[in-house]
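First comes the structure, then the notes that go with it.
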Amino acid sequence: MSEILHAVKGMNDVLPETAEAFLSTAVWDKVIDTARRVIEGYGYRQVLIPIVEETALFARGIGEGTDIVSKEMYTFSDRGERSLTLRPEGTAGCVRAFIEHGFAKTDPVQKWWYIGPMFRAERPQKGRYRQFYQIGAELYGASDPAADAEVIVMMWRICQALGLKDVTPRVNTLGDKESRDRYRDVLRGYMRANVDTLCDACKARIETNPLRFLDCKNPACKEVARKAPDIMESLSAQSRAHFDKVTTYLRDCGLAYVRDAALVRGLDYYSETTFELTTSALGAQDAVGGGGRYDGLIEELGGTPTPAIGFAMGVERLALLVAATQQVASGPHLFIAPMAGAESFALQLADAVRTGGPYRVEVDVTGRKLKGQMRRADKVGARFALVLGEDEIARRHGNLKDLRVSSTSDVALTGDAICAALAKLIA
């Protein structure tokens, strides 16, 4: 017997039936459909970008000194000896598309959103996988603080629409280049004064990327970082005014945010406003999503200087939260069980119901006896069942059975009549 093959560790199947509730397609459908509805309600349009890009895009965009580029990317040479990489995040690819297709010249104000798989070669754990999915949004051509506030609120509204309670918005600022350069010097001095307490990675960051010290997960480093100088003391007047307006707009929109001085995010392209949504329900991987302003990235990648801001949310992490707190219906609204000779009528009736309303209808096409068909209806989680035999077809009436409460309703066997009955009973 051939050996059974398995999925690569850290790369998950998402299935209609699974022992892991968060890997259920019903949960993912809820997350994705809800996010789409909220994001498109803000005027964003979907883009589809390649999974594979030239490695240089991420090295230049994300930063060669980041953990993602130096340790975590899936990079390979193709047959033409080009260095290619499975995308580890979505922003760099969107920016490449924005530049390549000339939007800065034709229509620089663009609102884009995307969904798709990302890849990072890191140790799999709860909420962190080697292939993972992100929902993201990017806003180009807007530098006003109102743009920052709208993007943060939009991300928060997705969580609200999903019914998530234990989610906290966190915001910070990294300031403009002048502010960051000044703060890096201050932070380097503080880190050198505490170098004996720092982990080896943070000792190396003193020269390469001191801001990353602020979000180190090492307990000793976290304690030192807690007392680190605040970037607010290094901000230029312009950056301080920008951040003050962002937080004012957030308060005006009713968002109860927390200002987190240690929030720097993990990518080199961020500037000014940064933000995250965090939860205590996911353990160490507490970020549900996050993002920030990246006004210099388009120019860095060869485009016309254009302000930009965006975010990404982890589908798996949202699914974990939804699955832990909610029952998500995945079965058909109606299960039709035809007896011998009623198959053609059942197929026609099912199509009429699907055409007449937003209902999922399954017809049993196995030819098994009624008992077996009803077991199937129960297994797939059908809400209602309709048995079709010679008598029902002759009368053009049948009994619509509510499988949750074991009640029945007489219904005419037409698409319109069944749709009307379902609308009334489900409401």
Subject >> Lone qualifier among Thr208, Thr173 - being more than 20 Å from Gly290 (Cβ to Cβ) and of a type in the set (S, T, N, Q) >> reply: Thr208
Original post:
So which residues in segment 309-359 are touching a Gly at 6+ places or on another chain (Cβ under 7 Å) and without any contact (Cβ under 8 Å) to a residue 60 or more places away in the chain, if there are any at all?
Top reply: Gly331, Met339, Ala342
**OP:** Test Ile298 against the stated conditions and say whether it is crowded, with 20+ Cβ neighbours inside 10 Å, more than 30 Å from Gly372 (Cα to Cα) and aliphatic (A, V, I, L, M).
**Re:** yes
**OP:** May I ask you to say which residue of Tyr190, Tyr183 is aromatic (Phe, Trp, Tyr), over 25 Å from Gly289 (Cα atoms), in contact with a Lys or Arg (Cβ under 9 Å, 6 or more places away or on another chain) and outside the structural domain of Gln46 (by TED's automatic domain parsing)?
**Re:** Tyr190
Subject >> Matching residues in segment 109-128 - criterion: being closer than 17 Å to Thr85 by Cα and either buried (at least 19 other Cβ atoms within 10 Å of the Cβ) or more than 17 Å from the chain's Cα centre (by Cα) (or both) >> reply: Met118, Phe119, Arg120, Ala121, Glu122
**OP:** Scan segment 373-411 for residues that are among the aliphatic types (A, V, I, L, M) and either loosely packed, with under 14 Cβ neighbours inside 10 Å or in contact with a Pro (Cβ under 7 Å, 6 or more places away or on another chain) (or both) and report the count.
**Re:** 5
**OP:** Give segment 152-180 a look and list any residue that's among the polar types (S, T, N, Q), under 18 Å from Ile231 (Cβ atoms) and not in a helix (DSSP H, G or I), or say none.
**Re:** Asn172, Thr173
Subject >> Within segment 304-328, considering residues that are at pLDDT 95 or above and of a type in the set (Gly, Ala, Ser), the one surrounded by the fewest Cβ atoms within 10 Å (Cβ to Cβ) >> reply: Ala312
Original post:
Is segment 134-144 home to any residue that is charged (D, E, K, R), in contact with a Gly (Cβ under 8 Å, 6 or more places away or on another chain) and either surrounded by fewer than 22 Cβ atoms within 10 Å (Cβ to Cβ) or farther than 23 Å from Cys253 by Cα (or both)?
Top reply: no
Original post:
From the list Arg37, Arg60, which one is among the charged types (D, E, K, R) and at pLDDT below 95?
Top reply: Arg60
Original post:
So which helices (runs of 4 or more DSSP H) stay within segment 181-285 end to end and still have 1 or more residues that are among the aliphatic types (A, V, I, L, M), touching a residue at least 60 places away in the same chain (Cβ under 8 Å) and under 24 Å from Thr306 (Cβ atoms)?
Top reply: 237-252
Original post:
Do we find that Glu276 is closer than 20 Å to Arg317 by Cα and either of a type in the set (Asp, Glu) or crowded, with 21+ Cβ neighbours inside 10 Å (or both) in this structure?
Top reply: yes
Original post:
Which pairs do you get when a residue that is free of Cβ contacts under 8 Å to residues at least 12 places away in the same chain, found in segment 401-426, comes within reach of a residue that is among the β-branched types (Val, Ile, Thr) and surrounded by 13 or more Cβ atoms within 10 Å (Cβ to Cβ), reach meaning Cβ atoms under 9 angstrom, with the pair 6+ apart or on two chains?
Top reply: Ala417/Val411; Ala420/Val411
Original post:
Are any of the residues in segment 110-119 over 30 Å from Leu320 (Cβ atoms) and in the same structural domain as Thr248 (by TED's automatic domain parsing)?
Top reply: yes
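The values are calculated or read from the model by the stated rules, or taken from the named source; none is laboratory data. Quantities reported herein were computed from a predicted structural model and do not represent experimental measurements. Here the Cβ is made from the backbone with ideal geometry for all residues, glycine too, and neighbour counts use every protein chain on show.
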